[in-house]
Amino acid sequence: MNANTVVDVRQIMPHDRHPLIFSTFAQLSGGQAMELVNDRDPLPLYQQFQARMPEGFGWDYLESGPAVWRVAITKRAASPSGCCGGCGGGGH
């Protein structure tokens, strides 16, 4: 994981968190990861990733509370069709 790609959302307004996380994820190259730091379990975010790109990401808890959750979110490399799943699987 690239240690420079850390998104600490603890001081970000809740309605701004997911857009920030998804835009940061979109900037990653296949195989790169970002570290998410949150003050609660980001399970709803996981569910959004799963709905948008079920094969396009990896999710590994690095720390699981009770005060801080840290998750490595990895962008999977593009499939042979060229799709990484980051667009929601629309083939774009």
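The numbers here are math on the coordinates, done by the rules we state, and not lab data. The shown structure was predicted, so the numbers you read here are calculated from the model rather than taken from an experiment. Please note: Cβ atoms are built from the backbone with ideal geometry, for glycine as well, and neighbour counts cover all protein chains shown.
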Beyond 15 Å, what percent of the Cα pairs of region 6-75 remain? 48 percent
List every residue whose amide H lies under 5 Å from the amide H of ASP8, counting only residues 5 or more places away in sequence or on a different chain, with H placed 1.01 Å from N in the peptide plane. VAL37
Local electrostatic count, PRO42, Cβ distance below 13 Å [Lys/Arg +1, Asp/Glu -1]: -2
